[in-house]
1. Just for helices (runs of 4 or more DSSP H) wholly inside segment 30-93: which have at least 2 residues that are at pLDDT 80 or above and buried (at least 18 other Cβ atoms within 10 Å of the Cβ)?
2. Since W299 meets every condition but one in (1) exposed (fewer than 12 other Cβ atoms within 10 Å of the Cβ); (2) in a loop (DSSP other than H, G, I, E, B), which condition does it not meet?
3. Taking segment 187-215, which residues are within 20 Å of L22 (Cα to Cα) and modelled with pLDDT of 80 or more?
Amino acid sequence: MLIDILLLFLGFGLLILGAGKLIEGSSSIARRFNIPEIVIGLTIVSIGTSAPELVINVVAASKGESAMVLGNVMGSNIFNVLLILGITSFVSKLSVKRNTTWLEIPLSLMGAVLVLVVVSDKLLDKGSINAISRIDGIVLLCLAIIFLVYNLELAKKENEYHQEVIKEKPIYISIIWLFAGMAGLIFGGRLIVENAVSISRVLGISERVIAITVVSVGTSLPELATSIMAVRKGKVDLAIGNVVGSNIINIFFVLGISSIVNPILVADNSFLDIGVNLLAGVLLFVFLLFSKGRQLKSWNGFVFLLIYAGYILILLFPDTF
């Protein structure tokens, strides 16, 4: 089991490093072809930062590990809102722009509702199983494309998209980073899925719990670091924007592609995760809607952290509750 744990952490290292090099290489190549940085940032970079979740889910889906697929997406989104925003709200009051409050956060909430709808086959269609089908995945992926186009047009219109200048590297270096990043993502993803499943079997706990408590947290650490850095630099609106954008991409893009690769079977106990994800989205919208200046205050963050702690306790000790 010790070897499994070490390989799991090695997988996380390869995954995060691979995502970084993939973004760096592909962005440099795009810059060489005079593609505007705003387009690079809102397409290559935004999708690249979700590459860890995507690769893990595609690997898990191809192996038929449905609990790992859904658990990773739900776990990441729950972690993003309840823990990341919970922690960063203690560092500073988090405020957001009008567009984020009325468009992006509701879109994220719509994604949470949509997941609940598409997995309720037994209730809505009197089906024998609950699942996210390939048709559902195609619909989700189409919504992801619409979201990316919307972001691109909004940024062009308002000219408010800020990003560090992309450095153009020699073409051979860019290609090396591109393929090295892809290799890191693929091998890292395989290591994570295989060893997470192995650890769950040794410990006698479900793959769903491992996906939510370990895998999703590991893949969401970059978002945590980004949000904290944004707050420390005084860009508090980016802290919430980063989380909301990540959640939208996770549901529409990552979950969409995963279910296209292989339909995702949904166990009854996964409805707890789907419900907590929906609750987190509702609370985020309500807290910002009824607060002065669209701010997320420290007591809101405390509520988030309290819910997250209770949720994890229920996952780890289901017989107690």
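1. 51-62, 66-78, 86-91
2. Answer for W299: the failing condition is (2).
3. Once the filter is applied, which keeps residues that are within 20 Å of L22 (Cα to Cα) and modelled with pLDDT of 80 or more, segment 187-215 yields F187, G188, R190, L191, I192.
So that you can scan it fast, the table gives a plain yes or no per residue for (1) among the small types (G, A, S); (2) surrounded by 23 or more Cβ atoms within 10 Å (Cβ to Cβ); (3) without any contact (Cβ under 8 Å) to a residue 40 or more places away in the chain:
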residue: S258; (1), (2), (3): yes, yes, no
residue: N269; (1), (2), (3): no, no, no
residue: V276; (1), (2), (3): no, yes, no
residue: L289; (1), (2), (3): no, no, no
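The values are calculated or read from the model by the stated rules, or taken from the named source; none is laboratory data. These numbers come from a predicted model, not from an experiment. Ideal geometry is used to build each Cβ from the backbone, glycine not excepted, and the neighbour counts take in all protein chains shown.
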